[in-house]
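Down below is the structure, laid out as structure tokens.
The values are calculated or read from the model by the stated rules, or taken from the named source; none is laboratory data. Remember, it's a predicted structure, so these values are computed and weren't measured experimentally. Note that each Cβ is placed from the backbone with ideal geometry, even for glycine, and that neighbours are counted across all protein chains shown.
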Amino acid sequence: MHLEEVDALSNRVFGHPVGIALDGACFGNCLLGPTGEVWGFVIGQSLFDEAELYYIAIDPKQREKGYGKQLLDGFIKACRQRGAATIFLEVRESNEVVIAFYEKAGFQKSGVRKHYYKEGENAVLMRRGGTNT
Ligand SMILES: CC(C)(COP(=O)(O)OP(=O)(O)OC[C@H]1O[C@@H](n2cnc3c(N)ncnc32)[C@H](O)[C@@H]1OP(=O)(O)O)[C@@H](O)C(=O)NCCC(=O)NCCS
């Protein structure tokens, strides 16, 4: 992966770098523009038959063109290839666009973590696959 560019995009989108180099168990993918610039990335981790999606982001200028779906579909496929049929993630309760984005890809709300984020916002837990779906 293009770690420096991924961190730069993460800084712009999330306000912090992803720092994926710190854990070799993480995997993911980048989407590159025509001149090699990072347009998006997805990062997660799998352990046995379960996976967790940590981050997905598309450069604001490239959104709503199908690239996020492309990256997410690729991540789901990569998880399956690693034997992980169930994927979990957390998302801010207020982030309705992203919750809808995940629902379109087959994720379902599976719970709430109260005051999960530093400033007190709840996290919605979502899950794709597994025994309930
Ligand atoms: C979430 C995100 C990755 C989506 O990427 P994207 O490239 O814009 O999404 P896509 O164009 O592939 O859209 C996929 C589907 O979601 C829908 N969607 C995406 N953004 C939308 C928006 N702002 N409003 C309405 N629908 C939207 C699309 O209409 C599309 O639906 P369809 O398949 O029925 O056409 C992008 O909005 C993003 O980077 N957000 C900020 C980072 C973030 O919050 N990440 C999640 C937490 S880690």
Checklist outcome for this item: Residues in region 83-133 that are modelled with pLDDT under 95 and basic (Lys, Arg) total 1
Checklist entry - Taking region 116-133 as the region of interest, how many residues are in a loop (DSSP other than H, G, I, E, B) and among the charged types (D, E, K, R)? => result 3
Checklist entry - Would you say Ala8 is touching a Ser or Thr at 6+ places or on another chain (Cβ under 7 Å), over 18 Å from Gln81 (Cα atoms) and not in a loop (DSSP other than H, G, I, E, B)? => result no
Next on the checklist: List pairs: first residue in region 35-53 and closer than 14 Å to Arg80 by Cβ, second residue within 16 Å of the ligand (Cβ to nearest atom) and of a type in the set (D, E, K, R) anywhere in the structure, Cβ distance under 6 angstrom, at least six positions apart or on different chains.
Outcome noted: Gly44/Glu52
Next on the checklist: Looking for something part of a helix (DSSP H, G or I), modelled with pLDDT under 95 and closer than 24 Å to Glu5 by Cα - is there at least one such residue anywhere in region 23-32?
Outcome noted: no
Checklist outcome for this item: Taking first residues from region 3-20 that are under 21 Å from Lys118 (Cβ atoms) and second residues anywhere that are at pLDDT 95 or above and charged (D, E, K, R), the pairs with Cβ under 9 Å that are 6 or more apart or on different chains are Arg12/Asp59; Val13/Asp59
Item to check | Count - residues of region 60-88 that are in contact (Cβ under 8 Å) with a residue 40 or more places away in the chain and near the ligand (Cβ under 8 Å from one of its atoms) | outcome: 2
